[in-house]
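**Student:** So that we are looking at the same thing, I have put the structure below in structure tokens.
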Amino acid sequence: MSKKVQIGKVTIGGGEPIAIQSMTNTPTSNAQATLEQINALAARGCDIVRSSVPDMASAKAFKTICEKSPIPVVADIHFDHKLAIAAIENGAAKVRVNPGNLGGESNLRAVADCLKAHHVPVRVGVNGGSLDKKYAHLPAAEAMCQSALEYCAWLEKYGVYDIVVSVKSSCVRDMIECNRMLSRRCDYPLHLGVTEAGLYTQGLVKSAIGIGSLLADGIGDTIRVSLTDDPVKEVDAAAEILKAIDLYTKPYVEIISCPTCARTEINVKELAEKVREYTYGVNKNLQIAVMGCIVNGVGESAHCDIGVAGGRDKSALFKDGKILKTIPNDELLQALLQEIDKL
Ligand code: SF4
């Protein structure tokens, strides 16, 4: 089992619930815009958020962001160790660095000293696309694994042991294989993700396979789904991956909706989406069905707490597998929401 690492108020590793992460895409120098996005992500279930700190203006705004954020904020740093130090001093719950690009040993040591002084953990991030040339002769997964462990050893040399490791590749198979190797060769918590996964559908599928297959084998402690899209969708996708393999530990509302067919009598997609939107943030375990017809709808979703099955002019509202009443279709959404509120 991996060791536990504390990221602000969130503990990862050691069998703790898998933490969902995302990343802001607002300019970090704009604290207000970044905080608005962080609040939206937190409301959707994001546990830890990361923001890039590319310059000192961002490092300054980062202080306000950390103070006001409802969830721990991680600073993403490249190249400039002074930015890492500024972010740690300004309240970062963790910093993500590539120890190989901080400009040499004395800079890394300065960052390590600052991490220890502030009791802040670090994520060692290795990206398949930017590996040291000395690993070029190795297969990609082995190369990423060796590189990550070498970076961990550098930090350990300076007394830093609160480490989270991530190896990311846009190749799902390499990412899976490398994380399997790491889980055998170290006990640091693993941050899972497929990098540059792409637009929504492609990114979702690659992440679900890469992250999901590792989690199903008990590997991984925190996850980030990377999408070329609204970060809120990353959080939704991460939550769905966890739910699909029974690793989501918070209460949640599951919407069961039929795929529709020639029997469909109502706009299932629109109704299901509205119910989905309405029930984000409802802190209860519920299953709500939206089914297109009465012929199969009630029977197919009999296990749900509540639901509707479409009819031509009126639809059936059912609870615990039994029809409660029939409702004119134009009042269906309202009636369903009212019943949900009563649960
Ligand atoms: S529930 Fe009815 S409308 Fe929906 S897919 Fe099944 S048969 Fe078709």
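The values are calculated or read from the model by the stated rules, or taken from the named source; none is laboratory data. Only a predicted model underlies this, so the values are computations on that prediction, with no experimental measurement involved. Cβ coordinates were reconstructed from backbone atoms using ideal geometry, including for glycine residues, and neighbour counts include every protein chain displayed.
**Student:** For Y200, which of the numbered conditions (1) at pLDDT 95 or above; (2) closer than 29 Å to N39 by Cβ fails to hold?
**Tutor:** Here Y200 meets the rest and fails (1).
**Student:** Only one residue in V120, V111, V73, V97 is in the same structural domain as G159 (by TED's automatic domain parsing), closer than 19 Å to N25 by Cβ and out of contact with any Lys or Arg (no Cβ under 6 Å at 6 or more places or on another chain). Which one?
**Tutor:** Going through V120, V111, V73, V97 in turn, just one is in the same structural domain as G159 (by TED's automatic domain parsing), closer than 19 Å to N25 by Cβ and out of contact with any Lys or Arg (no Cβ under 6 Å at 6 or more places or on another chain): V73.
**Student:** Quick check on segment 289-303. Is at least one of its residues in contact with a Pro (Cβ under 6 Å, 6 or more places away or on another chain), surrounded by fewer than 18 Cβ atoms within 10 Å (Cβ to Cβ) and under 16 Å from I256 (Cβ atoms)?
**Tutor:** No, there is no match, as no residue in segment 289-303 is in contact with a Pro (Cβ under 6 Å, 6 or more places away or on another chain), surrounded by fewer than 18 Cβ atoms within 10 Å (Cβ to Cβ) and under 16 Å from I256 (Cβ atoms).
**Student:** Same structure, new question: Would it be correct to say that E331 is farther than 30 Å from A42 by Cα, away from the ligand (no atom under 16 Å from the Cβ) and not basic (K, R)?
**Tutor:** So E331 passes the test.
**Student:** Just give me the residues in segment 168-182 being over 20 Å from V205 (Cβ atoms) and surrounded by 21 or more Cβ atoms within 10 Å (Cβ to Cβ), in sequence order.
**Tutor:** Selection gives L182 alone.
**Student:** Does G125 count as part of a strand (DSSP E or B), in contact with a strand residue (DSSP E or B) (Cβ under 9 Å, 6 or more places away or on another chain) and of a type in the set (G, A, S)?
**Tutor:** Against the criterion (part of a strand (DSSP E or B), in contact with a strand residue (DSSP E or B) (Cβ under 9 Å, 6 or more places away or on another chain) and of a type in the set (G, A, S)), G125 qualifies.
**Student:** Considering A335, A316, which residue is more than 15 Å from V253 (Cβ to Cβ) and outside any strand (DSSP E or B)?
**Tutor:** After ruling out the rest, the residue left standing is A335.
**Student:** If you go through segment 237-287, how many residues are within 16 Å of the ligand (Cβ to nearest atom), in a strand (DSSP E or B) and in contact with a helix residue (DSSP H, G or I) (Cβ under 6 Å, 6 or more places away or on another chain)?
**Tutor:** Result for segment 237-287: 2.
**Student:** Let me ask you something else. Given the condition of a type in the set (D, E, K, R), out of contact with any strand residue (DSSP E or B) (no Cβ under 7 Å at 6 or more places or on another chain) and outside the structural domain of C46 (by TED's automatic domain parsing), answer yes or no: does some residue in segment 307-320 qualify?
**Tutor:** Yes, that holds for at least one residue.
**Student:** Quick one: how many residues across segment 206-236 are among the aliphatic types (A, V, I, L, M) and not in a helix (DSSP H, G or I)?
**Tutor:** 4
**Student:** Quick check on segment 316-328: of everything there that is out of contact with any Asp or Glu (no Cβ under 7 Å at 6 or more places or on another chain) and more than 22 Å from N283 (Cα to Cα), which residue is nearest to the ligand (Cβ to nearest atom)?
**Tutor:** Applying the filter and picking the extreme gives A316.
**Student:** With segment 1-110 as the region, which helices (runs of 4 or more DSSP H) entirely inside it contain at least 2 residues that are on the phi > 0 side of the Ramachandran plot?
**Tutor:** none
**Student:** Give the residue that is nearest to the ligand (Cβ to nearest atom), with candidates limited to residues of segment 295-315 that are in contact (Cβ under 8 Å) with a residue 24 or more places away in the chain and of a type in the set (A, V, I, L, M).
**Tutor:** Looking at the filtered set, the residue picked out is V295.
**Student:** Output the residues belonging to segment 238-277 that are under 17 Å from V225 (Cβ atoms), among the aliphatic types (A, V, I, L, M) and without any contact (Cβ under 8 Å) to a residue 60 or more places away in the chain.
**Tutor:** Correct list: I241, A244, I245.
**Student:** Given the conditions (1) surrounded by fewer than 19 Cβ atoms within 10 Å (Cβ to Cβ); (2) on the phi > 0 side of the Ramachandran plot; (3) in contact with a helix residue (DSSP H, G or I) (Cβ under 7 Å, 6 or more places away or on another chain), and given that H119 satisfies all but one, which numbered condition is not satisfied?
**Tutor:** Unmet for H119, out of (1) surrounded by fewer than 19 Cβ atoms within 10 Å (Cβ to Cβ); (2) on the phi > 0 side of the Ramachandran plot; (3) in contact with a helix residue (DSSP H, G or I) (Cβ under 7 Å, 6 or more places away or on another chain): (3).
**Student:** May I ask you to say which residue of K274, K284, K250 is at pLDDT 95 or above and either surrounded by fewer than 16 Cβ atoms within 10 Å (Cβ to Cβ) or under 27 Å from N296 (Cβ atoms) (or both)?
**Tutor:** Exactly one of K274, K284, K250 is at pLDDT 95 or above and either surrounded by fewer than 16 Cβ atoms within 10 Å (Cβ to Cβ) or under 27 Å from N296 (Cβ atoms) (or both), namely K274.
**Student:** Spot the failing condition for M1; the list is (1) in contact (Cβ under 8 Å) with a residue 40 or more places away in the chain; (2) more than 19 Å from the chain's Cα centre (by Cα); (3) within 20 Å of K116 (Cβ to Cβ), and only one is missed.
**Tutor:** Result: M1 fails condition (3) only.
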